[in-house]
Amino acid sequence: MKQAANTRFAIKAWDEKPRSVGPDLPKLTRASIAKTYSGDLAGEAQVEYLMMYRSDGSAAFVGLERVVERIGGKAERRRLTLSSRAQQRESCPASSVKPPPPLGTAWSIRSC
């Protein structure tokens with residue numbers, strides 16, 4: 001059975017540094033980010049992203065994220081690591097995150 005999680009995130013801190021810059025090359029950066037989640041998955045997270053900015057201003061990024069969370073309103077807190085792929089267009093990031101078993105398949109998360 002397929003399940004869906006209704007979750008939003010907010011950025012608390014963002015530290016991004018260039019990794020590879022050159023003429024006629026996409027800009028590559030590495031970002032360390034602190035996030036908070038609300039909704040079915042709620043908690044605090046630390047993320048490391050490798051990002052590529054395109055000439056049109058959009059970006060693609062991949063990352064690993066460590067979350068201390070609660071799921072579905074349960075009081076118990078757990079730690080998990082998520083892998084993510086994301087796109088940003090028009091200042092609105094959207095992520096597809098993959099949790100470890102037994103939590104199921106990938107989730108889609110938007111910040112706006």
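Worth a mention:
- Site pair K17 and S32 shows an inter-label distance of 0.8 nm when each label is modelled 7 Å from Cα along Cα→Cβ.
- Per-residue Cβ neighbour rank within 10 angstrom, fewest leading, F61, F9: F61, F9
- Added length on full extension, which subtracts the Cα-Cα distance from 0.36 nm per residue, A10 to S55: 13.6 nm
A short reminder: the numbers here are calculations on the coordinates, not readings from a lab. This is a predicted model, so every value here is computed, not measured. As a convention, Cβ positions derive from the backbone with ideal geometry for all residues, glycine included, and neighbour counts pool all protein chains shown.
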